[in-house]
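Worksheet: the structure to be examined is printed underneath.
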Amino acid sequence: MNYNSGKKYTIEDLLSIMEKLRAPDGCPWDREQTHRSIRKCFIEETYEALEAIDTDDTELLREELGDVLFQVVFHSELEKEKGTFDFSDVVDGVSRKMILRHPHVFGQTQVHGTADVLKNWDAIKQETKGQRTQKEVLESVSKALPALMRSAKVLKKAEKAGLKQVSMKPVEEVLESAEDLKKLENGKPVDVEKSIGDLLLAVVNLSNICEIDPEEALTRSCDRFIREFGCIEESAQKQGVSLEEALEKRNGEKDV
């Protein structure tokens with residue numbers, strides 16, 4: 001293969017490039033990598049692709065999708081070297097899964113909208129993965145997901161199983177969980193980690209009921225916090241005072 005060719009490269013070329021990088025005369029860094037050592041890279045590339053989507057940056061999205069694809073190719077190459085599977089097996093597997101889980105497209109099943117599609121998807125997934133109980137369904141939600149995202153998915157699956165709402169009074173549940181933490185002010189013993197965890201789960205439940213993605217909601221709040229912090233810093237610079245002084249003044253105003 002001519003690696004400096006002016007032609008448009010294909011997936012076959014990318015696989016060849018990956019093999020070359022891992023070859024004895026390839027790249028020392030690439031040869032040293034394992035699934036675990038590049039695990040973080042996979043996460044970072046995925047989030048960078050999401051940022052491109054959030055910012056409507058088409059050119060960046062093209063680039064970041066390429067980086068995500070390279071991670072798939074890299075992990076596939078590692079297994080190919082072990083003789084377990086290769087990229088073609090990954091493609092075959094996901095193709096078969098999509099055909100199986102879309103019987104309304106590739107089979108004779110009739111659906112009447114998205115709700116039927118999702119119901120069939122969950123049923124087929126549960127059957128193919130051998131999930132016999134709803135607990136197993138909840139446990140199947142990946143623990144590697146960010147905690148807010150995982151909690152939201154678990155609670156949604158619990159609702160699909162028949163639990164209409166984890167709490168019939170979600171707002172009250174949030175307030176009660178927060179109230180429990182007030183015991184700290186009175187010097188009473190509190191399992192802080194459990195109480196904060198319960199509070200966060202109650203907020204996630206409220207988010208689900210309000211059809212708000214808690215991960216996105218927290219991301220936007222974090223962005224607002226950064227903007228507001230920046231305004232305080234900019235104001236401090238204009239007034240000729242230190243950031244610490246400006247923050248102390250702001251905290252004093254809030255206490256009044």
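The values are calculated or read from the model by the stated rules, or taken from the named source; none is laboratory data. It should be emphasised that the depicted structure is a prediction, and the values quoted were computed from it without experimental measurement. Because the Cβ atoms are built from the backbone with ideal geometry, glycine has one as well, and the counts that use them run over all protein chains shown. Please note that ligands, DNA and RNA were not included when accessible areas were found on the heavy atoms of the full protein model with its side chains. Shrake-Rupley method; radii C 1.70, N 1.55, O 1.52, S 1.80 Å.
Mind listing whichever residues of region 182-204 are of a type in the set (D, E), exposed (fewer than 11 other Cβ atoms within 10 Å of the Cβ) and in a helix (DSSP H, G or I)?
First, pick out the residues of region 182-204 that are of a type in the set (D, E): 185, 191, 193, 198.
Those still in the list that are exposed (fewer than 11 other Cβ atoms within 10 Å of the Cβ) too: 185, 191, 193.
Within region 182-204, E185, E193 qualify.
Being of a type in the set (A, V, I, L, M, F, W, C) and more than 34 Å from the chain's Cα centre (by Cα) is true for just one of A246, A217. Which residue is that? Walk me through it before giving the result.
On the way: A217 fails: more than 34 Å from the chain's Cα centre (by Cα).
Result: A246 is the single residue among A246, A217 that is of a type in the set (A, V, I, L, M, F, W, C) and more than 34 Å from the chain's Cα centre (by Cα).
Scan region 162-175 and tell me whether some residue there is at pLDDT below 85, of a type in the set (A, V, I, L, M, F, W, C) and within 23 Å of the chain's Cα centre (by Cα).
The answer is yes; a qualifying residue exists.
Where in region 48-138 are the helices (runs of 4 or more DSSP H), entirely inside, with at least 1 residues that are at pLDDT 95 or above and farther than 30 Å from H35 by Cβ?
Numbers: elements: 58-82, 87-101, 103-106, 114-128.
Because the criterion is at least 1 residues that are at pLDDT 95 or above and farther than 30 Å from H35 by Cβ, the helices (runs of 4 or more DSSP H) in region 48-138 that meet it are 58-82.
Touching a helix residue (DSSP H, G or I) at 6+ places or on another chain (Cβ under 9 Å), among the acidic types (D, E) and in a helix (DSSP H, G or I): which single residue out of E228, E248, E215, E234 fits that description? Break it down into steps so the answer makes sense when it comes.
Details: E228 fails: touching a helix residue (DSSP H, G or I) at 6+ places or on another chain (Cβ under 9 Å); E248 fails: touching a helix residue (DSSP H, G or I) at 6+ places or on another chain (Cβ under 9 Å); E234 fails: touching a helix residue (DSSP H, G or I) at 6+ places or on another chain (Cβ under 9 Å).
E215 is the lone residue from the list that is touching a helix residue (DSSP H, G or I) at 6+ places or on another chain (Cβ under 9 Å), among the acidic types (D, E) and in a helix (DSSP H, G or I).
Which pairs turn up if I take residues in region 240-253 that are touching a residue at least 40 places away in the same chain (Cβ under 8 Å) and look for partners that are surrounded by fewer than 14 Cβ atoms within 10 Å (Cβ to Cβ) and not in a helix (DSSP H, G or I) with beta carbon separation below 6 Å, at least 6 apart in sequence or on another chain?
none
Being open to solvent by less than 60 Å² (accessible area, probe 1.4 Å), of a type outside the set (G, A, S) and part of a helix (DSSP H, G or I) is the filter here; which residues of region 12-31 pass it? Reasoning before the result, please.
First pass over region 12-31, keeping only residues open to solvent by less than 60 Å² (accessible area, probe 1.4 Å): 13-18, 21-23, 26-27, 30.
Right, trim to of a type outside the set (G, A, S) and you get 13-15, 17-18, 21-22, 27, 30.
Of everything in region 12-31, those that are open to solvent by less than 60 Å² (accessible area, probe 1.4 Å), of a type outside the set (G, A, S) and part of a helix (DSSP H, G or I) turn out to be D13, L14, L15, I17, M18, L21, R22, D30.
Pick from L206, L200: which is closer than 23 Å to K182 by Cβ and in contact (Cβ under 8 Å) with a residue 40 or more places away in the chain?
On inspection, the qualifying residue turns out to be L200.
I need the full set of residues from region 220-243 which are open to solvent by less than 50 Å² (accessible area, probe 1.4 Å), within 34 Å of the chain's Cα centre (by Cα) and more than 23 Å from T55 (Cβ to Cβ), in order please.
I232
For region 32-54, what are the residues that are exposed (fewer than 11 other Cβ atoms within 10 Å of the Cβ) and in contact with a Leu (Cβ under 9 Å, 6 or more places away or on another chain)?
T34, the sole residue that qualifies.
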